[in-house]
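Just below is one structure, and these are the notes that go with it.
Derivation of every value follows stated rules applied to the coordinates shown; laboratory data play no part. Small disclaimer: the values here were computed from a predicted structure and weren't measured. Neighbour counts are summed over all protein chains in view; Cβ atoms, including those assigned to glycine, are modelled from backbone coordinates with ideal geometry.
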């Protein structure tokens, strides 16, 4: 039986969070003399002399309208990486607890675990990039606090079988974190609509990919109100700055434009796959539900360096287990994709492939 309080670290249960001036007074006033701000203003913008909303209510309200999730079920972090780090700091006792990952997958789960001195139990994906369910079940013990699943997965691009994820959610008494950074490009539906069904579910999303706001560093976590309260208890008081909140709110008014970008990216993804399939240097293009494709080539290092010399940067994933020989290629604009194909053809001509 899932019990959130049994998962929490003792020091977090007892933690009295920092109470900022903006936590203690909520509302509007004409004179603010409570937060030791510069009352004269800012050289940049009049609003920047004031501390931002610590709980980002306006942004969450707009996200609630878009996602169909109440604001109290949303956490905003400095990228999804902040949410990942808080999960370790709130739920995993250093030196004794463990988490499970299913590599190849997003590398920050392991990095954050290592920073927090938490054991990572890696249960490698099968050759079809789907989870080894028996291996996961065998790896779980009384100290396993979190299972991380990236879907669509990075760097493989595929979605993880939904039935397998639901099986894990139903049978694991710890937290199950579904990282949906690339969900906007997927044919699979998001898990955020399942929050009321699974009290141990945490869904991560981001404004960095489909929304084109990577430079603002705004990640999202969706979970039960009880879990979100823990995120807010542990986070720094003003983790999302005023400029990022204002720009995010502005961007979130442009749903139609973002949806058009998503459609074009998916169309370009399929077009790029067809063109790459005609090349002799390309061995396999793996199925993708993301804004990138994983491509197995005959000479990954040589092709990568050739692309660099042409001013085209892809990601060499050939040293990653199960991704041997592979390059990860982000879907660019139509013109950028044409340049990529042209560079591949030039490589083949020069190397007589």
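Taking 0.36 nm per residue of separation and subtracting the Cα-Cα distance, what length does fully extending residue 32 through residue 188 add?
Stretched out fully, the residue 32 to residue 188 stretch lengthens by 51.4 nm.
Between the helical axis of 255-276 and the dominant principal axis of the chain, each derived from Cα atoms, what acute angle in degrees is found, rounded to the nearest 10?
Here the helix axis deviates by roughly 20 degrees.
Compute the Cα gyration tensor for segment 270-353, then decide on rounded, prolate or oblate, letting a ≥ b ≥ c be the square roots of its eigenvalues: rounded whenever a/c is under 1.5, prolate when a/b is larger than b/c in the other cases, and oblate in all that remain.
rounded
For segment 4-253, what class follows from the C-alpha gyration tensor (a ≥ b ≥ c being the square roots of its eigenvalues): rounded when a/c is under 1.5, otherwise prolate if a/b is larger than b/c, else oblate?
Prolate shape, in that a/c is at least 1.5 and a/b is the bigger ratio.
Quick one: helix 162-171 against the long Cα principal axis of the chain, what's the angle to the nearest 10°, folded into 0 to 90?
40
So, in nm, how far is label residue 47 from label residue 14 when the simple model puts each one 7 Å beyond its Cα toward the Cβ?
Output for this residue pair reads 4.1 nm.
Beta carbons within 10 angstrom, averaged per residue: use that to sort the peptides 185-197, 17-29, highest first.
In descending order of packing, they fall as 185-197, 17-29.
How much FRET efficiency would the formula 1/(1 + (r/R0)^6) give for residue 321 and residue 196, where r is the Cβ-Cβ distance and R0 is 35 Å, rounded to 0.05?
Efficiency, rounded to the nearest 0.05: 0.45.
Once every DSSP H run of n ≥ 4 in the chain is given -39500 (n - 2.57) and the sum is divided by its residues, what mean residue ellipticity at 222 nm do you get, rounded to the nearest 500 deg cm²/dmol?
About -10500 deg cm²/dmol.
Along the Cα-to-Cβ line of residue 130, 7 Å from the Cα, sits a label point; which residues in segment 96-114 have backbone N less than 17 Å from it?
Output list for this probe position: 102-104.
Suppose R0 equals 35 Å; then what is the FRET efficiency for residue 21 and residue 253 from their Cβ-Cβ distance, rounded to the nearest 0.05?
That gives a FRET efficiency of 0.75.
Name the residues of segment 103-125 whose amide N is less than 15 Å from a point 7 angstrom out from the Cα of residue 284 along the C-beta direction?
Counting backbone N atoms under 15 Å from the label point, the list is 104, 125.
Treating the angle as unsigned and between 0 and 90°, give the value, to the nearest 10°, between the Cα long axis of helix 242-251 and the longest Cα principal axis of the chain.
Roughly 60 degrees between the two axes.
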